[in-house]
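Peer 1: This is the structure, below, for whatever I ask next.
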Amino acid sequence: MISSWARTAGSGRPTRATGASGTSIRTAGSASCTKGSARRALALSADQALLAVADAFDRCIWSFALAGDGSARHGEPFYRLELGETGSAAGTGGLTVDSEGYLYVATTRGIQVFDQPGRVTAIIDLPAPSAASSIVFGGRDLDTLYLTSGDQLFRRRLRRKGVFPGQIVKLPTPRL
């Protein structure tokens with residue numbers, strides 16, 4: 001287990017970003033959705049071939065193949081979350097991926113890290129008693145994992161790197 005985190009703001013509260021600029025992307029097309037109880041998070045695989053979809057109260061993260069027209073097909077519960085001693089729901093809050101095809105899932109138990117075949121390879125302890133609500137890779141080299149937990153923002157440098165949104169990465173062959 002990994003438990004070393006750094007708080008990004010001295011007071012424990014995230015600082016307000018000023019002077020930031022961004023891009024808004026709009027697409028012309030249709031959107032569709034499948035019925036679910038509480039879809040909370042989604043992430044594209046680094047090669048953009050798969051879509052992971054998390055439900056706030058489900059024990060599994062669903063994986064869908066993305067077709068050429070952008071539709072999600074052949075969905076199945078693929079990543080099985082580890083639950084805490086007393087919890088019956090994983091409390092999934094956010095998803096992100098790295099350049100090696102690992103999926104990071106923010107849960108009440110910690111950041112659960114899955115390899116390409118869908119196995120939990122690590123659970124990173126939470127730096128605060130409240131559940132993790134969102135995670136994302138950032139920093140100049142995308143080697144910093146940012147995490148929100150309650151009203152706090154934390155960061156931790158990792159050996160693995162995230163991917164830029166829209167960047168397609170050729171993944172290594174999964175090791176079974």
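Peer 1: Subtracting the Cα-Cα distance from 0.36 nm times the residue separation, let me have the gained length for residue 151 to residue 56 in nm, one decimal. Each step should come with its number before you reach the end.
Peer 2: On the way: separation 95, 0.36 × 95 = 34.20 nm, distance 1.90 nm.
Stretched out fully, the residue 151 to residue 56 stretch lengthens by 32.3 nm.
Peer 1: Sort 147, 51, 83 so the one with the fewest other Cβ atoms within 10 Å of its own Cβ comes first. List each step's numbers first, then the result.
Peer 2: Values: 147 27, 51 18, 83 15.
Ranking 147, 51, 83 by Cβ neighbours within 10 Å, fewest first, gives 83, 51, 147.
Peer 1: So, in nm, how far is label residue 122 from label residue 140 when the simple model puts each one 7 Å beyond its Cα toward the Cβ?
Peer 2: Taking the simple label geometry, residue 122 and residue 140 are separated by 2.3 nm.
Peer 1: So how much slack lies between residue 173 and residue 47, counting 0.36 nm per residue of separation and subtracting their Cα-Cα distance, in nm?
Peer 2: Stretched fully, the residue 173-residue 47 segment lengthens by 44.2 nm.
Peer 1: Taking N as the number of residues in the stretch 39-150, what value does Rg over Cα atoms divided by 2.2 N^0.38 Å take?
Peer 2: Working: Rg = 13.5 Å, N = 112, 2.2 N^0.38 = 13.2 Å.
In units of the globular-protein estimate, the stretch 39-150 measures up at 1.02.
Peer 1: I'd like to compare 120-133, 92-105: which one has the highest average count of other Cβ atoms within 10 Å, and what's the full order after that? Please list the in-between numbers first.
Peer 2: Details: 120-133: 16.4, 92-105: 22.4.
Result, highest mean Cβ count within 10 Å first: 92-105, 120-133.
A short reminder: the numbers here are calculations on the coordinates, not readings from a lab. As the structure is a prediction and not an experimental result, all values here were calculated from the model. Counting neighbours? That spans all protein chains shown, and the Cβs are built from the backbone with ideal geometry, glycine included.
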